[in-house]
Amino acid sequence: MLVLGISLTGCTAASRTPDLIHKANHPATPTPAASFTPTATPAPVATAAGCVGWGFWEREYYSEAQQPVDCGPIQYATGTTRLNDKGVPVAYVVAPGDIWEFIAKRFDLGTAYLTAINAVRRENVTQVYVGDTINLDPATITSVGDQNGVVYHNLENLPDPHVPQH
């Protein structure tokens, strides 16, 4: 009988963090083209009922409206939230270091849904710049949002079905 022994002394696994931050060639803080001025209104306090712990990768459907809940700033999603008169998040202003998927996670939305409701007013939807206004409200797909200070009008990207716009 032959016995083979392998020694792994001195062998360590290198931890590698993927580089998820897109570095763009643009001014550091473009002027948002949205029709409102973001304020420092504090976001509603996240509750167990509002932040149920969905993984943002688990909610990829976009056929029905998803209600955003601001679960509070997280790494890669530390921007400013704009609330409607009922305290519901309706828009988000991108901060340095923010990443699309983490913005979706902060608001407990699927990335496909967030992409669908922003495709009309953005060119490359998931590419974010400091100062971009991200729409969170399915009723303002055609009126809220910009990318790098530019408002696009890609009406062919309007999701179907969609809620009435205002």
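Points to keep in mind about this one:
- Residue identified as open to solvent by less than 10 Å² (accessible area, probe 1.4 Å), outside any strand (DSSP E or B) and in contact with a Leu (Cβ under 8 Å, 6 or more places away or on another chain) among ALA104, ALA91: ALA104
To keep it simple, each residue is scored yes or no on (1) assigned to a loop (DSSP other than H, G, I, E, B); (2) of a type in the set (Val, Ile, Thr); (3) surrounded by fewer than 23 Cβ atoms within 10 Å (Cβ to Cβ); (4) over 10 Å from the mean Cα position of the chain (by Cα).
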residue	(1), (2), (3), (4)
GLY87	yes, no, yes, yes
TYR129	yes, no, yes, yes
THR142	yes, yes, yes, yes
HIS153	yes, no, yes, yes
GLU156	no, no, yes, yes
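- Condition check for VAL120: modelled with pLDDT of 90 or more and either assigned to a loop (DSSP other than H, G, I, E, B) or more than 19 Å from PRO138 (Cβ to Cβ) (or both): yes
- Each residue in segment 45-74 was checked for being open to solvent by 50 Å² or more (accessible area, probe 1.4 Å), more than 12 Å from the chain's Cα centre (by Cα) and either of a type in the set (Gly, Ala, Ser) or modelled with pLDDT of 80 or more (or both), and 6 of them qualify.
- Among residues of segment 64-85, those that are among the charged types (D, E, K, R), under 17 Å from VAL144 (Cα atoms) and outside any strand (DSSP E or B), counted: 1
The values are calculated or read from the model by the stated rules, or taken from the named source; none is laboratory data. Computed from a prediction, not measured in an experiment: that's the story for all the values here. Heads up, the Cβs are rebuilt from the backbone with ideal geometry, glycines too, and the neighbour counts pull from every protein chain shown. In case anyone asks, the SASA skips ligands and DNA or RNA and just uses the protein heavy atoms, side chains included. Shrake-Rupley method; radii C 1.70, N 1.55, O 1.52, S 1.80 Å.
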